[in-house]
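These notes concern the structure reproduced below.
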Amino acid sequence: MKGYLLLISNVIILIYEVHGCPEKCLCHPPSKTVDCKNRGLVDIPSHLPSETQILLLQNNHIWRINQSAFTGAPWLKILELSNNSITSLASGAFQGLRYLQVLNLTKNLIHYVENKTFSSLPQLKELDLSSNRILSLPETLGKNTGNITLLSVKHNKLQKMERVLLESLPNLKVVLFKDNPWQCNCNVFGLKLWLESFLYRGGISDGIICSTPENRKGKDLLKVPYEMYGVCPATAAHVTLASFHHHTSEHRNSLKHAHHNEHGDSSHSDCEPKPKSRPVNLRHAIATVVITGVVCGIVCLMMLAAAVYGCAYAAITAKYHKEHLAPAIEQGSPEEKEPFDSSLA
């Protein structure tokens, strides 16, 4: 038995010598995990075992990711890089990780993300960018990021987010926005429309709380009425509104008419609300009028159908009497006519 255990230990040692385990890290072959957390590392460790699927690098001082950092671990599925000092992400930082599913980059110093950063991650499902210093995000996270189901950008410095970015993630189920200095002006109008549609489809979100302008500070973006955006330029509000199925054309025209009457200039730099905004329940009133009109139309159609049916029935009845009953009366028997004739005599 001792000889058997010795043989197994020698085999394990041989495996480590062949595949290698990074210095200061712990390798767990059964779970294919390399544990390098809390090691004071400043770079991604080299000589990672090629079969590694889980790499734990949190709580270090890593400040950059070279393009070839992970080429030695092509089967990686979970990459934990939280609580480091990463300031930026190069477009090829995750090159070769075509099987990566979970990427955690929370609690770093990232302030900018390029639009091709995650293009080499076609299987990515969870992307956590929370607790960084991100000022803005590109219009796309990459051409192969359609499988992302969870996106977290909370605790950053985002003031807006392009609607096209969120629309490029068709499988998104959870998106986290909180604790960002969101500007609830014309620039966030498209995001508001997308978020409403996302929640309607069953998506999960922690919501967007406005930071500016001052009169909307602390308010939930979803509760800011559409009428408050009546002063926005056509390209920012009315054109977007035209593509959203919840709003009727009459509503759009009324907002546009009010905008041109009360403001000679069609543009407004900070998109402040009008002094006398329309009531919040205007949409409900329009919906009520539309529904009432439809019901009245149906009732009128039913009455018209009944009238047509009555007229047709009367015409058929009259024709029947004319063709069958009248000849019978005119050709009656002499006995039936005799009392009438005798009375005349």
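Just so you know, all these numbers are worked out from the coordinates, no wet-lab data involved. Since the structure is predicted, the reported quantities are computational estimates derived from the model, not experimental observations. Cβ: placed from backbone, ideal geometry, glycine included. Neighbour counts: every protein chain shown.
Worth a mention:
- Counting other Cβ atoms within 10 Å as a rough exposure proxy, the listed residues Cys27, Cys296, Cys184, Cys36 run Cys296, Cys27, Cys36, Cys184 from fewest neighbours to most.
- In nm, spacing of pseudo-spin labels at Lys223 and Tyr99 (7 Å Cα→C-beta vector): 4.8
- Flagged links, alpha-carbon separation over 28 Å, of Lys37/Lys154; Lys77/Lys219; Lys116/Lys223: Lys77/Lys219; Lys116/Lys223
- Residues of the range 131-170 with an amide N closer than 11 Å to a point placed 7 Å from the Cα of Asp206 along the Cα-to-Cβ direction: 131, 152-156.
- Charge sum, other residues only, whose C-beta stays under 14 Å from His61's C-beta, Lys/Arg counted +1 and Asp/Glu -1: +4
- Global geometry of the range 14-221, whether rounded, prolate or oblate, following the gyration tensor of its Cα atoms and the 1.5 cut on a/c: prolate
- Separation in nanometres of the label points that stand 7 Å from Cα toward Cβ, at Arg64 and Lys157: 2.2
- Entry note, the range 14-221: relative contact order of 11 percent, from Cα contacts under 8 Å with a spacing of 6+ residues.
- Taking label positions 7 Å along the Cα-Cβ direction at both Glu51 and Thr288, the computed distance is 7.0 nm, reported to one decimal.
- Sequence of Arg64, Arg216, Arg201 once ranked by neighbouring C-beta atoms within 10 Å, starting from the fewest: Arg201, Arg64, Arg216
- As a proxy for reagent exposure, ranking Met302, Met161 by other Cβ atoms within 10 Å from fewest up yields Met302, Met161.
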